[in-house]
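The next block holds one structure in the form of structure tokens; read it before the comments.
The values are calculated or read from the model by the stated rules, or taken from the named source; none is laboratory data. Just so we're clear, the structure is a prediction, and the values are computed from it rather than from any experiment. Methodologically, a virtual Cβ is constructed for each residue, glycine included, from the backbone with ideal geometry; neighbour enumeration extends over all protein chains shown. These area figures cover heavy atoms from the full protein model, side chains too; ligands, DNA and RNA do not enter into them. Shrake-Rupley method; radii C 1.70, N 1.55, O 1.52, S 1.80 Å.
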4 protein chains.
Amino acid sequence: MTSYGFLGLGIMGRAMATNLLKAGCEVVVWNRDPAKCEPLLELGARRGESPQEVAARCELTFAILADPAACREVFFGKQGVQAGIGGRRGYVDMSTVDAGTAGEIAAAVTERGGRFLEAPVSGSKKPAEDGALVFLAAGDKSLFDDATPAFEVMGKKNFYLGEVGNGARMKLAINQVLAGMLAALGEGLALGQQAGLAGEDIVAVLAEGAMANPMFKLKGPAMLAGEFAAHFPLKHMQKDLRLAQALGEEVNQPLPAAAAVNAIFKRACVAGHGDEDMAAIYRVMKQ
Amino acid sequence: MTSYGFLGLGIMGRAMATNLLKAGCEVVVWNRDPAKCEPLLELGARRGESPQEVAARCELTFAILADPAACREVFFGKQGVQAGIGGRRGYVDMSTVDAGTAGEIAAAVTERGGRFLEAPVSGSKKPAEDGALVFLAAGDKSLFDDATPAFEVMGKKNFYLGEVGNGARMKLAINQVLAGMLAALGEGLALGQQAGLAGEDIVAVLAEGAMANPMFKLKGPAMLAGEFAAHFPLKHMQKDLRLAQALGEEVNQPLPAAAAVNAIFKRACVAGHGDEDMAAIYRVMKQ
Amino acid sequence: MTSYGFLGLGIMGRAMATNLLKAGCEVVVWNRDPAKCEPLLELGARRGESPQEVAARCELTFAILADPAACREVFFGKQGVQAGIGGRRGYVDMSTVDAGTAGEIAAAVTERGGRFLEAPVSGSKKPAEDGALVFLAAGDKSLFDDATPAFEVMGKKNFYLGEVGNGARMKLAINQVLAGMLAALGEGLALGQQAGLAGEDIVAVLAEGAMANPMFKLKGPAMLAGEFAAHFPLKHMQKDLRLAQALGEEVNQPLPAAAAVNAIFKRACVAGHGDEDMAAIYRVMKQ
Amino acid sequence: MTSYGFLGLGIMGRAMATNLLKAGCEVVVWNRDPAKCEPLLELGARRGESPQEVAARCELTFAILADPAACREVFFGKQGVQAGIGGRRGYVDMSTVDAGTAGEIAAAVTERGGRFLEAPVSGSKKPAEDGALVFLAAGDKSLFDDATPAFEVMGKKNFYLGEVGNGARMKLAINQVLAGMLAALGEGLALGQQAGLAGEDIVAVLAEGAMANPMFKLKGPAMLAGEFAAHFPLKHMQKDLRLAQALGEEVNQPLPAAAAVNAIFKRACVAGHGDEDMAAIYRVMKQ
């Protein structure tokens, strides 16, 4: 049985590593704050001393970290993955990073004789606990194949998307669609209510038709109730819209509807709603 | 048992009247071309001589006609419903008409002592056959209550939305959301493909997440395949977007995202794709 | 010498009729409130008893009235122009009206044997006093030729634009350009200031280049100072943008930039700035 | 009398250096291709051996180069300005570069003990020849004062805008306004023509009002004639719009109208008009 390294035991990482352990896998865990390792050790995990040691010891090391800065620190930093990787061992970074960071880490892994895969996940805490994540993987195909059994434990679906960077690009395209749907929902609710319809009726009608989707079911009532506790912060979605616009510029793709949607998200940020849930764009629509 | 009148036996009407008959209801049918009554008569329907006679004879008369002009002709024309309605009998127009036409017919019904309900349906041929339509009803509440058993036979859900005109307004709000989703899907596919992703992968990823919905499942592959046989013609959706913008002006509701979406639909019309399916907006996005 | 009728002695009309008198023309004036005729009578005008009498007596009658309702009243009302026009005498309506109103009056004039010209003016109080207006005339060409000497007294430029309705259409196209320029100015000032530039510098740089124009010279400093006393009320411009969008729909012309501009004007209306000057769109741009 | 260094003798530089010489200034010229120095030498200029030598020899060295890459090469390259600058001598870069390049050169100049000014120009060949340029200067204020006599020879107006980077930012804000005006002009012409008006009439009416400006006078007839020989290439304007959007993101300024305008420019690029004049956006508007 393969021994998996696992770096990063935040909300997502803890749930994912737990699922690997419950499935009977050997897991070597490391976290910046070692206290967070304890619950995993109780489930049978072994402790890794450093990213370097984990990457040197395990055939396959997974990481899921907070942001590009943390990814760089864990990889390039003192006793980092870079110093331990090699011998065709694999490093699978499941964090959401920009294509630039992914590319630099990929190059460094390859240079040291290792294999690299970016695999940002779609899904949050609940799907992580339920083993229902979706992996958007890109990079070394043989490593993707080797990691597939672990992906299948942690998620319900995994995609191999080709060269490194495509995982990040897919997330941008998907999130642009999500933001467009959210703006459509918000403007539909605002128009209907302003025209005298009950918001609840609009949400209910949407739930019956071919447009019905879990996101509307969650965000529609949230908009009507004005409850915007952050599942996905508005400012993060605006950042993704900005990056999607930049990708559109790079590949010469006009995106007029997404540009209008981005302007709405920006207005909501300016109005001070950036730390609320992305559904709080409704605050700058509804009168 | 109530005896229902039923005017209009096109694709939708025939399926709906058939469901009423199969549920054991008494149905009196009329159609401009009487030949279309035959299959219903074989199922036990009785023939009505004219809209006037049907409206005079039945407690409750349903109509589902092609367009506002047909609605006016059947109601105000020679031997029309207007001449037969009265005595608190009910007239339920399930056609999709503008608020103006609905309002005129409503006033005329009330003046003659009858009751009126507009009840445009959401759903097309298949849901009509399966008794899975959604009714967006507005007008006389007592008539809504009286018509509910029939709605429950013909559909899976019915909404009472208040005063006459609200059925039409709800359809505009809903279709504006639909158009926004379609534009978001199209721009997401165009961006992703232009950035090197496989369109099929994008569609597949969307199908796994919280945004998954039957419409995307249908229209995503259609966009990729360039197959735009009209389920709902693009020009009709553009007309609804225009009316939704006009409604927004009327009630003083800014709709910047929908305005950008409308511009895309208009460009697609100008480019000659108005008679194709609404998903053909992809033709003016994809390079 | 032709004798001119002149109906409507508001701010514009008084200045225009004064110029005709100063140029030595015979002018018969009428105004709803007769007191406003006095200053003109002192300059040599004669008093008309009613629109009917003026239209019956003068070869050529000009009108400049507040709105479409006033135009209808003066034309179709009791002792109105309709009752006096005929015998190929001319009626030149210089008010700003919709194409519908212009069309109805045109038809009625023609039916009575008269000739009709719509001639909305570009320019406000000062150009009216200076004889520097611009006339956007459409309708009977022979009447345009007959009215040209008077136009030349009252204005600096006159255009013959073809069939009735084209005057109104020209105003919409022109005002759409104006609104787009105003939005461009506002977003440029907002971007520059937010990026650390002095607003005055931006205005000064714009005044030096190929984009320099009197409107920027007036509205740029007004935006920076937050002084929005209404020269042209924001809500009237938003109405024109709405009508321009509707004209775009009618003739199948996509207008994505104007649609985004319209959304800005609508937001400013919703925020309560409709009665301020159109430049007050800056209030919803600047932070 | 100050001796001016002058690096770069392209279309702009040659005209500007000529004006300095004609005004009686001492000018030391250098150009990558030395042949281009000849006409200036005939007018009395002296030849510089290298950027290093010019910067070491002259109190004040001006440069106007093709793009950021050329600016870097001339400054940081072998025998570049960097090696010669110092002793509080001044380096004035009049090229249009990004804020990043300007910042790096500024830092290197300061480190060597020199003074730096960025001073991108507004205006093209004709204003350069006529000494009618506008300078958007930012950086060392004492250097701005020292350079002012030369600016006054070469241009009609100069602005001191504060810290390095503000010159570039001003150009973006200004060009965003220009692009917005161009889009407004184009959509106005397209709407009016589609509605039956003559394009020439629209241009003529615009020329009479408060919106009249030299740019419309040039670009309006060009749009109508479909003559788009590049004065300022469309793709360069689209690049500036992209950078302005990025600046808006950086300083948190929503720019919905400019976003819609950018989408139009992108569509025109995609349609293959990037090398034509910026006015060629009309190609994707007019039917």
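Here are a few things to note about the model shown:
- Members of the stretch A:165-184 that are of a type in the set (A, V, I, L, M, F, W, C), in contact (Cβ under 8 Å) with a residue 12 or more places away in the chain and open to solvent by less than 10 Å² (accessible area, probe 1.4 Å): A:Met170, A:Ala173, A:Ala179, A:Met181, A:Leu182, A:Ala183
- In this entry, C:Lys235 passes the filter for residues that are in contact with a Cys (Cβ under 6 Å, 6 or more places away or on another chain) and open to solvent by 20 Å² or more (accessible area, probe 1.4 Å).
- Within the stretch B:231-250, residues that are touching a residue at least 40 places away in the same chain (Cβ under 8 Å) reach partners that are β-branched (Val, Ile, Thr) with beta carbons closer than 8 Å, at six or more positions or on different chains, in the pairs B:Leu234/B:Ile281; B:Leu241/B:Val261.
- All positions within the stretch B:252-262 that are farther than 17 Å from B:Leu185 by Cβ and surrounded by 20 or more Cβ atoms within 10 Å (Cβ to Cβ): B:Gln253, B:Pro254, B:Leu255, B:Pro256, B:Ala259
- The requirement of being acidic (Asp, Glu), touching a Gly at 6+ places or on another chain (Cβ under 8 Å) and either facing another protein chain (nearest Cβ under 7 Å) or not in a helix (DSSP H, G or I) (or both) is fulfilled somewhere in the stretch A:176-197, by at least one residue.
- Looking only at the stretch C:273-287, residues that are out of contact with any Lys or Arg (no Cβ under 9 Å at 6 or more places or on another chain) and open to solvent by 30 Å² or more (accessible area, probe 1.4 Å) come to 3 in all.
- For B:Asp275, the criteria (1) within 12 Å of chain C (Cβ to nearest Cβ); (2) acidic (Asp, Glu); (3) closer than 23 Å to B:Ala190 by Cβ hold in every case but one, which is (1).
- The listed residue being crowded, with 18+ Cβ neighbours inside 10 Å, acidic (Asp, Glu) and at pLDDT 95 or above, out of D:Glu187, D:Glu249, D:Glu227: D:Glu187
- Filter result (surrounded by 22 or more Cβ atoms within 10 Å (Cβ to Cβ), over 17 Å from B:Thr18 (Cα atoms) and in contact with a helix residue (DSSP H, G or I) (Cβ under 7 Å, 6 or more places away or on another chain)) within the stretch B:55-81: B:Ala55, B:Cys71, B:Val74, B:Phe75, B:Val81
- In summary, C:Ala212 fulfils each of the numbered conditions (1) open to solvent by 20 Å² or more (accessible area, probe 1.4 Å); (2) part of a helix (DSSP H, G or I) with the single exception of condition (2).
- Among the residues of the stretch A:96-138, those identified as among the aliphatic types (A, V, I, L, M) and farther than 25 Å from A:Lys239 by Cβ are A:Ala108, A:Val109, A:Ala132.
- From the list C:Gly113, C:Gly100, C:Gly165, the lone residue that is touching a strand residue (DSSP E or B) at 6+ places or on another chain (Cβ under 7 Å) and among the small types (Gly, Ala, Ser) is C:Gly165.
- The single condition among (1) facing chain B (nearest Cβ under 7 Å); (2) more than 20 Å from B:Glu208 (Cβ to Cβ); (3) assigned to a loop (DSSP other than H, G, I, E, B) that A:Val164 does not satisfy is (1).
- In the set (1) under 21 Å from the mean Cα position of the chain (by Cα); (2) of a type outside the set (D, E, K, R); (3) open to solvent by less than 10 Å² (accessible area, probe 1.4 Å), the condition left unmet by D:Gly199 is number (1).
- Meets criteria (under 23 Å from the mean Cα position of the chain (by Cα), at the interface with another protein chain (Cβ under 10 Å from one of its Cβ atoms) and closer than 24 Å to B:Ala258 by Cβ) for D:Ala246: no
- Condition check for A:Lys36: basic (Lys, Arg), in a helix (DSSP H, G or I) and on the phi < 0 side of the Ramachandran plot: yes
- Selection within the stretch C:207-242 - within 11 Å of chain D (Cβ to nearest Cβ), under 27 Å from C:Met12 (Cβ atoms) and aliphatic (A, V, I, L, M): C:Met215, C:Leu218
- Flag if D:Val251 is within 12 Å of chain A (Cβ to nearest Cβ) and over 13 Å from D:Leu178 (Cα atoms): yes
- A count restricted to the stretch D:86-137 and to residues that are touching a Lys or Arg at 6+ places or on another chain (Cβ under 8 Å), within 14 Å of chain C (Cβ to nearest Cβ), open to solvent by less than 30 Å² (accessible area, probe 1.4 Å) and closer than 15 Å to D:Pro68 by Cα stands at 1.
- Test: residue in the stretch A:138-151 that is within 14 Å of chain B (Cβ to nearest Cβ) and over 26 Å from A:Gly80 (Cβ atoms): no
- Matching residues in the stretch D:144-163 - criterion: being crowded, with 24+ Cβ neighbours inside 10 Å and over 22 Å from D:Ala15 (Cα atoms): D:Leu161
- C:Met16 vs. criteria touching a helix residue (DSSP H, G or I) at 6+ places or on another chain (Cβ under 9 Å), part of a helix (DSSP H, G or I) and farther than 26 Å from C:Gly86 by Cα: no
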